[in-house]
Ligand SMILES: [Zn+2]
Ligand SMILES: [Zn+2]
């Protein structure tokens, strides 16, 4: 912009400066909005895909709150500020004051993330750690809204988001694997164990209860012929697809017993 100071009165000059600041603020609002919308879309996609995943419970509550904070508060607030600036309804000082309102949901979000991260119920520490760092950075938006930290914020959140997505994909892959193992075991007649063929004092190592005639038992394909309650071993495989007694990978031993 060409500043011909001598040709302008004091008021006109003030107006020019305000116009310039306003334009800069509108640009930052636009960048902020684009960034918020991208994060919103990524988190909602993760939330949608992860809604049925066992190991994703803590992430879901993270995502839910994040979506409420972003979609319900931050995005409309930034949009409102942008409109106010574009139509020159308010001067930059007033807009700056409104913009500082973003600090409130952001700080609240930061406290929530911190409390969840340190709570004992949080079962997905590894995943949650990335989300925690990610949202600690997102909470910084209150500070960077009018500073030039934009690229750093984008870069850091990009790295953390990719870590989060990778963790999610690993989690999903291991869930799929556990599901396949269960399907293979429960679909095989040869692995059923009849009560008449076992010792009367034998008990299930998972629930520590003695087998009763009406119980459903299933044998794992490990060479030692380890067997358990069907329900007990089903729950066990949901945690780890290995034999509780000999620690052999069930899927691998299944392929071996198929060959022999
Ligand atoms: Zn049992
Ligand atoms: Zn075994």
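The values are calculated or read from the model by the stated rules, or taken from the named source; none is laboratory data. Because the structure is predicted, anything quoted here is derived from the model rather than measured. Here Cβ is always computed from backbone atoms with ideal geometry, including for glycine, and neighbour counts include all displayed protein chains.
Suppose we filter the stretch 64-95 for residues that are farther than 28 Å from residue 46 by Cβ and in contact (Cβ under 8 Å) with a residue 60 or more places away in the chain; how many remain?
The number of residues fulfilling the criteria is 6.
Could you please find all residues in the stretch 194-221 being more than 16 Å from residue 246 (Cβ to Cβ) and either buried (at least 18 other Cβ atoms within 10 Å of the Cβ) or not assigned by TED's automatic domain parsing to the domain that holds residue 253 (or both)?
211, 217
Which residues, counting only those in the stretch 185-215, are in a loop (DSSP other than H, G, I, E, B) and near ligand 1 (Cβ under 10 Å from one of its atoms)?
Residues satisfying the conditions are 204, 205, 206, 207, 208, 209, 211, 215.
Would it be correct to say that residue 224 is more than 36 Å from the chain's Cα centre (by Cα) and either within 14 Å of ligand 1 (Cβ to nearest atom) or surrounded by 14 or more Cβ atoms within 10 Å (Cβ to Cβ) (or both)?
Against the criterion (more than 36 Å from the chain's Cα centre (by Cα) and either within 14 Å of ligand 1 (Cβ to nearest atom) or surrounded by 14 or more Cβ atoms within 10 Å (Cβ to Cβ) (or both)), residue 224 does not qualify.
Suppose the filter is modelled with pLDDT under 80, surrounded by 13 or more Cβ atoms within 10 Å (Cβ to Cβ) and either away from ligand 2 (no atom under 16 Å from the Cβ) or over 30 Å from residue 47 (Cβ atoms) (or both); does residue 115 pass it?
Criteria not met by residue 115.
Among the numbered criteria (1) without any contact (Cβ under 8 Å) to a residue 60 or more places away in the chain; (2) more than 12 Å from ligand 1 (Cβ to nearest atom); (3) over 16 Å from residue 188 (Cβ atoms), which single criterion is violated by residue 219?
(3)
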